[in-house]
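Below: one structure, written as structure tokens.
The numbers here are math on the coordinates, done by the rules we state, and not lab data. This is a predicted model, so every value here is computed, not measured. Cβ: placed from backbone, ideal geometry, glycine included. Neighbour counts: every protein chain shown.
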Amino acid sequence: DAGVTQSPTHLIKTRGQHVTLRCSPISGHKSVSWYQQVLGQGPQFIFQYYEKEERGRGNFPDRFSARQFPNYSSELNVNALLLGDSALYLCASSLGLAGGEEQFFGPGTRLTVL
Amino acid sequence: AQSVTQLDSQVPVFEEAPVELRCNYSSSVSVYLFWYVQYPNQGLQLLLKYLSGSTLVKGINGFEAEFNKSQTSFHLRKPSVHISDTAEYFCAVSARGNKLVFGAGTILRVKS
């Protein structure tokens, strides 16, 4: 079975630009979460979606937005990019939102903002 | 809110030696606990998790962890490490729901 897939693998943007990152969950998984991992730090929660509805949002500015499609894939959008947005963006999927339920991570998208 | 502290940023160890990676957490509610491993240029892979029951949890690749509620700790151990265990290890907690709060990570460097 295919795991969580993310595209693109790497991305280079300049300050002020917009970026869209994409994630396809494991087949049958209805929840997708996004995390930001800055170099040298642990992943930080950005968003969680379940059945196309936002079910959680981390402490990130409004420049960050996301959505989930009917096929449960998801997009993360970041507007007006800043140098500090350079990070590895991880997508994780799970069957649902039950406490303790395992999240399966994709390989990530490495975003570099120049 | 929950928080996780990983007490060591880097742990060097010789091959075949035992290792312990330390993790403490803070939460006002009951939590679920996880250890993930991240190899270079890859995503996160679950090593083990504690949901309830026995406080000693066994995971993949010979790792185990012990939940200590009184000390709010969840330390990861392996009796004999291999070169291939060189990676970054993250401790994480979740409370209601499965949103994860991660520690800053511990880089395990196994030397021959």
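Once a ≥ b ≥ c are taken as the square roots of the eigenvalues of the Cα gyration tensor of chain B, is the result rounded (a/c under 1.5), prolate (a/b larger than b/c) or oblate (a/b not larger than b/c)?
Because a/c hits 1.5 or more and a/b exceeds b/c, chain B counts as prolate.
Using the Cβ atoms and a cut-off under 13 Å, what net charge is assigned to the surroundings of B:VAL31, where Lys and Arg are +1 and Asp and Glu are -1?
Surrounding charge for B:VAL31 is +4.
Tell me, what is the percent relative contact order of the range B:3-111, built from C-alpha pairs under 8 Å that lie six or more residues apart?
Here the relative contact order equals 38 percent.
Give me the dipole magnitude in Debye, nearest 20, for the protein assembly as shown about the Cα centre, with unit charges on the beta carbon: positive for Lys and Arg, negative for Asp and Glu. Don't skip to the answer; put the middle values down first.
On the way: 20 positive and 17 negative charges, 84 e Å.
With Lys and Arg at +1 and Asp and Glu at -1, about 400 debye.
Restricting to Cα pairs below 8 Å that are 6+ residues apart, what does the relative contact order work out to for the range B:8-72? Please round to a whole percent. Walk me through the numbers before you get to the answer.
Details: 64 pairs, mean separation 14.1, N = 65.
For the range B:8-72, the relative contact order is 22 percent.
In the range A:1-71, which GluC sites (Glu not before Pro) fall in coil by DSSP and have 10 or fewer other Cβ atoms within 10 Å?
Here no GluC sites (Glu not before Pro) fit, given the DSSP loop and packing criteria.
In whole angstrom, how far apart do the alpha carbon centroids of the range B:1-54 and the range B:68-101 sit?
The distance from the Cα centre of the range B:1-54 to that of the range B:68-101 comes to 2 Å.
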